[in-house]
Amino acid sequence: MSRIRVTHARIAASTVALALLSLQMQAQQPGPMPGLEPTRAQHAMVTTVQHDASDAGLAILKQGGNAVDAAVAVGFALAVTYPFAGNLGGGGFMLIRDKHGKTHFLDYREKAPAAASRDMYLDAQGNIIPGMSLVGFKASGVPGSVAGLTFAQKHFGKLSLAEDMAPAIKLATEGFVLTAPEAASLQSKNMARSATSAHIYQRDGNFYKEGETIRLPLLAATLTAISKDPATFYKGAMAHQIGDFEKAGGGLITAEDLAAYEVKDRKPIKGQYHGYDIITAPPPSSGGIVLVQILDILASYDLAKLGPDRSAAQVHIITEAFRRAYMDRADYLGDPDFNQLPLKQMASLKYAAAWRGSIDPSKPTPSKSLVRPAGFLPPPPDSVPHKQPTDTTHYSIVDKDGNAVSVTTTLNGGFGNGITVDGLGFLMNNEMDDFTSKVGVPNMFGLIQSSANGIAPRKRPLSAMTPTILTTHGHWYRRGKLSLVLGSPGGSTIITTVANDIISIVDNGLNVQQAADAPRFHHQYLPDRLDLERKFPIDIGNQLKAMGYATNRDQAADEKTGGTWGDSEIIAVDPKTGELLGGHDSRRTYGKAAGY
Ligand code: GLY
């Protein structure tokens with residue numbers, strides 16, 4: 001029998017086995033959750049994790065700003081109202097698709113300071129100094145957010161920077177009312193380590209309570225100064241103030257590092273899935289290429305037949321795609337300005353088909369016995385396990401003209417390194433932890449990264465942030481139509497959350513609210529463990545266990561979030577009416593989808 005016939009026979013057998021598995025499981029399958037309705041709007045929509053930030057974006061849209069203006073307004077507003085991840089002292093990615101179909105990916109990821117070095121987190125014996133890449137001044141990369149947001153306003157906005165920043169300045173000056181979870185989060189031990197942070201956010205121990213208004217006058221002054229002269233942050237008085245503060249604290253960031261910071265306008269990664277074009281994050285994010293690989297591997301399954309959403313049969317196949325794509329993430333990715341990355345090979349459909357051929361329809365492939373299909377990728381550099389913090393934030397915007405913006409931004413850990421810059425009132429990131437601290441030695445955590453992501457001066461650490469936009473499949477003679485704008489925080493779980501949201505909507509017919517709220521599952525190759533959110537259906541988890549999966553439900557997926565992760569912020573365009581449908585993740589009770 002020829003090789004092709006063997007392959008066909010295998011696929012046919014696989015299809016039968018999958019269909020049988022699906023039938024066996026149908027009795028206990030969950031369906032889309034009833035009663036979860038999206039927020040509807042005729043003209044424009046903003047979805048964010050924090051309701052005042054959503055209102056800030058909406059106000060700008062109503063004032064005549066476009067989606068980029070609104071994204072700038074939301075970015076600065078989140079720096080005020082969501083200090084957990086919104087930021088001036090961090091970085092992010094902004095994916096723009098304008099109404100003509102033109103796309104931009106603004107990379108304002110933090111960069112390693114010039115004085116950073118490969119072994120900076122190792123002791124004299126060459127061992128990792130625990131916590132050093134996360135805690136203290138040396139954990140910070142050179143922040144990119146102010147550069148990114150002001151670049152976006154300058155090149156793609158319609159309103160002035162002062163107009164875009166006005167809502168954030170108002171929120172910082174007049175204050176905003178804290179909900180219970182927001183007030184509780186400000187009690188962070190991370191911030192208690194910094195006297196300035198403890199003073200501003202914790203009133204030196206007299207913690208804020210639900211219903212109280214928090215005002216941030218220092219941050220208001222900083223925002224006002226940036227709105228008048230954005231160059232001050234990188235090349236003016238503020239840059240020197242930040243450099244002096246970092247030096248006094250033992251950090252590496254200098255005024256020269258800030259002056260050398262530049263935003264990159266990169267080409268997004270593009271793919272296709274079941275009638276849609278995917279526009280997503282290129283390196284230094286691992287998100288887009290891994291998302292495209294996952295969807296390419298899944299493309300020739302009839303997932304709907306294996307459904308409904310979150311059925312064991314479907315979760316199995318999706319998990320096996322996650323496992324394979326994350327193996328490649330582990331081995332190859334890093335800053336594209338410092339590495340030759342085999343992106344074309346990773347996105348090859350033949351390669352996806354070869355991976356697909358290794359999926360057993362009835363049981364998981366143990367990660368340790370997973371073998372990458374030969375002949376596609378070069379030999380990988382060394383790799384080590386690594387865990388990415390999950391404390392990022394995402395927001396999505398569509399304006400009345402159909403311009404769409406998808407932004408994911410981060411300080412890395414919740415409240416970054418917890419240190420507020422004296423006299424300026426903003427928190428600094430601990431993004432240096434996203435680099436590989438030591439190549440070749442396993443640490444206690446999960447995600448694997450290679451020497452392609454080793455520390456080097458002025459390099460950007462690998463990210464998982466995956467701001468994504470879907471359009472209907474376009475042709476040279478006809479542009480695709482805007483369909484979905486989405487993304488999520490969640491460290492290594494970002495990519496699987498975005499993939500699951502796409503599959504829930506495209507294959508399973510869930511609406512954006514149902515997709516955002518659906519119980520999550522995640523696999524990242526190593527550790528070889530299927531993570532299930534606490535609310536993931538018990539019976540489906542048991543079926544997956546019976547198939548051979550090691551599942552992790554009882555243990556909280558993330559100790560700080562009690563068994564949930566992610567925050568899907570999704571906007572869909574109704575293909576028939578053009579109405580905008582917003583899905584704000586119900587896990588975060590203080591956010592909302594807002595439209596008009
Ligand atoms: N710091 C989280 C990420 O960039 O993926």
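Residue-level check: of (1) free of Cβ contacts under 8 Å to residues at least 40 places away in the same chain; (2) under 20 Å from Leu88 (Cβ atoms), Arg203 misses just (2). In the set Asp507, Asp528, Asp517, Asp501, only one residue is buried (at least 23 other Cβ atoms within 10 Å of the Cβ) and among the acidic types (Asp, Glu); that residue is Asp501.
Taking first residues from region 454-475 that are within 14 Å of Asn339 (Cβ to Cβ) and away from the ligand (no atom under 16 Å from the Cβ) and partners that are modelled with pLDDT under 95 and outside any loop (DSSP other than H, G, I, E, B), the Cβ contacts under 8 Å between residues at least 6 apart in sequence or on separate chains come to Gly454/Thr436. Selection over region 236-257 of residues that are in a helix (DSSP H, G or I), without any contact (Cβ under 8 Å) to a residue 60 or more places away in the chain and crowded, with 16+ Cβ neighbours inside 10 Å gives a count of 3.
Yes or no: region 578-589 includes at least one residue that is surrounded by fewer than 20 Cβ atoms within 10 Å (Cβ to Cβ), among the small types (Gly, Ala, Ser) and within 19 Å of the chain's Cα centre (by Cα). Spell out the reasoning first.
As a first pass, look at region 578-589 and keep what is surrounded by fewer than 20 Cβ atoms within 10 Å (Cβ to Cβ): 578-579, 586-587, 589.
Now restrict to residues that are among the small types (Gly, Ala, Ser): 578, 586.
Applying the additional criterion that residues be within 19 Å of the chain's Cα centre (by Cα) yields 586.
The answer is yes, given that some residue of region 578-589 is surrounded by fewer than 20 Cβ atoms within 10 Å (Cβ to Cβ), among the small types (Gly, Ala, Ser) and within 19 Å of the chain's Cα centre (by Cα).
Filtering region 180-194 to residues that are within 23 Å of Arg588 (Cα to Cα) and either within 24 Å of the chain's Cα centre (by Cα) or in a helix (DSSP H, G or I) (or both) leaves Ala180, Pro181, Glu182, Ala183, Ala184, Ser185, Leu186, Ser188, Lys189, Asn190, Met191.
Which condition number does Gly90 fail, the rest of (1) in contact with a helix residue (DSSP H, G or I) (Cβ under 9 Å, 6 or more places away or on another chain); (2) among the small types (Gly, Ala, Ser); (3) farther than 30 Å from Val177 by Cβ being met? If we test Gly90 against (1) in contact with a helix residue (DSSP H, G or I) (Cβ under 9 Å, 6 or more places away or on another chain); (2) among the small types (Gly, Ala, Ser); (3) farther than 30 Å from Val177 by Cβ, just (3) comes out false. Evaluation of Gly101 against the conditions (1) surrounded by 24 or more Cβ atoms within 10 Å (Cβ to Cβ); (2) within 23 Å of Pro282 (Cα to Cα); (3) away from the ligand (no atom under 16 Å from the Cβ) shows that the sole unmet condition is (1). Only a single item in (1) under 22 Å from the mean Cα position of the chain (by Cα); (2) modelled with pLDDT of 95 or more is not met by Tyr326, and it is number (2).
Of all residues in region 274-303, which are of a type in the set (Ser, Thr, Tyr) and farther than 30 Å from Lys111 by Cβ?
Within region 274-303, the first condition is being of a type in the set (Ser, Thr, Tyr), and the residues that meet it are 276, 280, 285-286, 300-301.
Selection gives Tyr276, Ser300, Tyr301.
Is there a residue being outside any loop (DSSP other than H, G, I, E, B) and either without any contact (Cβ under 8 Å) to a residue 12 or more places away in the chain or of a type in the set (S, T, N, Q) (or both) anywhere in region 517-535? No: region 517-535 contains no residue that is outside any loop (DSSP other than H, G, I, E, B) and either without any contact (Cβ under 8 Å) to a residue 12 or more places away in the chain or of a type in the set (S, T, N, Q) (or both).
Does region 44-64 include one or more residues that are at pLDDT 95 or above, of a type in the set (A, V, I, L, M) and in a strand (DSSP E or B)? Yes, the conditions are met somewhere in region 44-64.
With respect to the conditions (1) within 28 Å of the chain's Cα centre (by Cα); (2) free of Cβ contacts under 8 Å to residues at least 24 places away in the same chain, Ser227 lacks only one, and its number is (2).
Just one of (1) buried (at least 17 other Cβ atoms within 10 Å of the Cβ); (2) within 30 Å of Leu186 (Cβ to Cβ) fails for Arg534. It is (1).
Scan region 572-585 residue by residue and report those that are small (Gly, Ala, Ser) and more than 12 Å from Pro38 (Cβ to Cβ). Working first, answer last.
Of the residues in region 572-585, the ones small (Gly, Ala, Ser) are 572, 578, 582-583.
Of everything in region 572-585, just one residue is small (Gly, Ala, Ser) and more than 12 Å from Pro38 (Cβ to Cβ), namely Gly578.
Condition first: hydroxyl-bearing (Ser, Thr, Tyr) and either more than 16 Å from the ligand (Cβ to nearest atom) or modelled with pLDDT of 85 or more (or both). Now tell me which residues in region 373-391 satisfy that.
The answer is Ser383, and nothing else.
Candidates Leu252, Leu258: the one that is out of contact with any strand residue (DSSP E or B) (no Cβ under 8 Å at 6 or more places or on another chain) and among the hydrophobic types (A, V, I, L, M, F, W, C) is Leu252.
Taken over region 279-292, the criterion of being within 16 Å of the ligand (Cβ to nearest atom) and buried (at least 24 other Cβ atoms within 10 Å of the Cβ) is satisfied by Thr280, Ala281, Pro283, Pro284, Ser285, Ser286, Gly287, Gly288, Ile289, Val290, Leu291. Within region 293-315, is there a residue that is within 16 Å of the ligand (Cβ to nearest atom), assigned to a loop (DSSP other than H, G, I, E, B) and surrounded by fewer than 24 Cβ atoms within 10 Å (Cβ to Cβ)? So far as region 293-315 goes, no, none of its residues is within 16 Å of the ligand (Cβ to nearest atom), assigned to a loop (DSSP other than H, G, I, E, B) and surrounded by fewer than 24 Cβ atoms within 10 Å (Cβ to Cβ).
Return the residues of region 474-491 that are small (Gly, Ala, Ser), out of contact with any Gly (no Cβ under 7 Å at 6 or more places or on another chain) and over 15 Å from His584 (Cα atoms); say none if nothing qualifies.
First pass over region 474-491, keeping only residues small (Gly, Ala, Ser): 474, 480, 483, 487-488, 490-491.
Okay, now just the ones that are also out of contact with any Gly (no Cβ under 7 Å at 6 or more places or on another chain), so 483, 487, 491.
Within region 474-491, Ser483, Gly491 meet the criteria.
Here Pro489 clears all of (1) over 23 Å from Gln42 (Cα atoms); (2) at pLDDT 95 or above; (3) surrounded by fewer than 23 Cβ atoms within 10 Å (Cβ to Cβ) except the condition numbered (3).
When you look at Gly144, is it within 23 Å of the chain's Cα centre (by Cα) and surrounded by 24 or more Cβ atoms within 10 Å (Cβ to Cβ), yes or no?
Values: within 23 Å of the chain's Cα centre (by Cα): yes; surrounded by 24 or more Cβ atoms within 10 Å (Cβ to Cβ): yes.
Here the answer is yes, as Gly144 does meet what is asked.
Taking residues in region 395-415 that are closer than 17 Å to Gln42 by Cα, and partners anywhere that are at pLDDT 95 or above and within 13 Å of the ligand (Cβ to nearest atom), the pairs with Cβ atoms closer than 7 Å and at least 6 places apart or on different chains are Ser396/Gly487. Residue pairs whose Cβ atoms lie under 6 Å apart, separated by 6 or more positions or on different chains, with the first residue in region 355-383 and assigned to a strand (DSSP E or B) and the second at pLDDT below 95 and among the polar types (S, T, N, Q), are Ser383/Ser450.
Checking each residue in region 392-414 for being in a loop (DSSP other than H, G, I, E, B) and closer than 20 Å to Ala56 by Cβ picks out Asp399, Lys400, Asp401, Asn403, Leu411.
For region 415-448, a residue qualifies if it is more than 14 Å from the ligand (Cβ to nearest atom), at pLDDT below 80 and in a strand (DSSP E or B), and exactly one does: Ile448. Across region 471-480, not a single residue is classified as surrounded by 23 or more Cβ atoms within 10 Å (Cβ to Cβ) and either under 28 Å from Ala116 (Cα atoms) or of a type outside the set (S, T, N, Q) (or both).
The values are calculated or read from the model by the stated rules, or taken from the named source; none is laboratory data. Bear in mind the structure is a predicted one, so any value in this text is a computation, not a measurement. Note that each Cβ is placed from the backbone with ideal geometry, even for glycine, and that neighbours are counted across all protein chains shown.
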